[in-house]
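Let me begin by presenting the structure, written as structure tokens, before commenting on it.
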Amino acid sequence: MTIDTSPPSMSVLTVPAADVPAAADFATQPDVRRLLGSRDPATWILRGQGLVGLGRSAEFRVRGGTRFTSARVWWDAVRDSATVDDRVNRPGTGLLAFGAFAFSPSSTADSGLVVPELVIGSDEHGAWVTLIRTDCAALTTADADAAWRAHVVESPATLHTRDAPDTASAAASYPTATPGALDEDRWMAAVADGVDMIRAGDLDKLVLARDVVVDAGRPIELSAVLARLSDRYDSCWTYCVRPGGAADPNAGRLLGATPEMLIRVKQGTASARVLAGTLDRHDLPEGANPEDFAGVTLGGSDKQQREHKFAVDSLLAGLSPYAQTVHGEEEPFILALPNVWHLASDVRAELRTGVDGTLPSPLELAEAVHPTAAVCGTPTDVAGGVIEDLERMDRGLYAGPVGWLDASGNGEWGIALRGAVQLDARRARVSAGCGIVAESDPRAELAETWAKLRPMLEALPATRA
């Protein structure tokens, strides 16, 4: 099913934020987290830098096995017909879309791309403002100024100086998180079945996820949730996008803070961050040195190292056909997050041009490397079928690619982890998974899911029933 297939003709203007009078205050303090109070934002934020999209100029929605290809064809047509005046000319400027794609081709969840009307971006070189409109004459800085006033100054939550979120008071009236597709006992039984299949030689690794449903009892405060995630998990990419077209403006919104970069493309170079192997910080013995404990427990574990290698190998297998050279570390490093430690590896590749003389697009690469063994298993085809049998749920957008791309071939697509999908104004579905190998213990894997659910449950806030 494809919706909104006719590509619109777009006019685009990107200017330095300092050139937009209404954005003068932001230009001097270009932390995009200050914009989280705006209505229905699309976000991609790392340590206060990144992108925030406001409003909608165009969108494309799709389901099924051709979701990536269909979106790519639509985006190429939009790009080719657009009139762009980019006075900044950096990755993330000019014509841009946010997007999210379902984990499985059989999912009933909408995948898609959203082209905002206004995009505010910042990086280490400064801040910019992009205005994108449909069937419009050449845009001016005055148009960008008026759009800023409409979306930021006159929005229900205006541009503000951000204070640290008061997590303690937010947690005072915790709602509960109730089991989703499987309760804890049934999920542990599914893990045990998966272990039996691995020991029987049916596959090498399997990633099994579970979900819980949070009812906040009141409308979820999106800006507060995103602020908590981007503050506490500032080394992760805080994402938010609503690719679906449900009548309820809250339904289908995907949000979270992912530590895993599926694929990043900037000026012809691709990179990725692969995570597999997890240790809960709650397991730290009293008085132990955190770095030494994580290094020995994760780095010295054959189980964790093998699980990690499967994930790295699957990423390399998907990326190598598009690359002239691929570089990666010999050994993984320990990535420290507030809730867990991970084994992590960074991979970098110089892309090669195709037969048509062009470099592969970020969407093409995202499709090529998705799903990695970090969220599916090894072999991929076998693991994908087993997942559907054992999890008893449609993963939807969970563990699928989420991020952005521009018209110059740049983009960043993370894996939608440590996140949730809003079901309506007050309810959200939160998911987390674990890598299962022959030595896996179902109860230990259950504990790992709670560690991975923790960032989103604390941000909503929620607590286990």
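General remarks:
- With both residues required to sit in the chain, DSSP beta bridges show an antiparallel share near 95%.
- Two-decimal Rg/Rh across region 245-318, once Rg and the Kirkwood Rh are taken from alpha-carbon atoms: 1.14
- Accessible area per residue in Å² at 1.4 Å probe, computed on region 39-121: 32 Å²
- Overall shape: oblate for region 38-101, with the ratio a/c of the largest to smallest alpha carbon gyration tensor axis at 1.5 or above and b/c at least equal to a/b.
- By the Stokes-Einstein formula, at 0.692 mPa s and 37 °C, the chain with its Kirkwood radius over alpha-carbon pairs has D equal to 146 µm²/s.
- Under 5 Å, built H, 5+ apart or other chain: amide partners of ALA323: ARG352
- Accessible surface of the chain, 1.4 Å probe, proportion on carbon and sulfur as whole %: 49 percent
- Between region 5-29 and region 246-295, the Cα center-to-center distance that results, in Å: 30 Å
- Table column - 3J(HN,Hα) (Hz), region 114-128, Karplus curve with 6.51, -1.76, 1.60, x for Gly and Pro: 10, 9, x, 7, 10, 10, 10, x, 8, 9, 5, 9, x, 10, 9
- Against the chain, whose longest principal axis comes from its Cα atoms, helix 184-199 is set at around 70 degrees.
- Anisotropy class of region 356-465 from Cα gyration tensor, a/c 1.5 cut: oblate
- Distance from the alpha carbon centroid of region 84-105 to that of region 422-465 works out to 30 angstrom.
The values are calculated or read from the model by the stated rules, or taken from the named source; none is laboratory data. Since the model is a prediction, treat every value here as computed from it, not as a measurement. Only protein heavy atoms, including side chains, enter the accessible area calculation; ligands, DNA and RNA are left aside. Shrake-Rupley method; radii C 1.70, N 1.55, O 1.52, S 1.80 Å.
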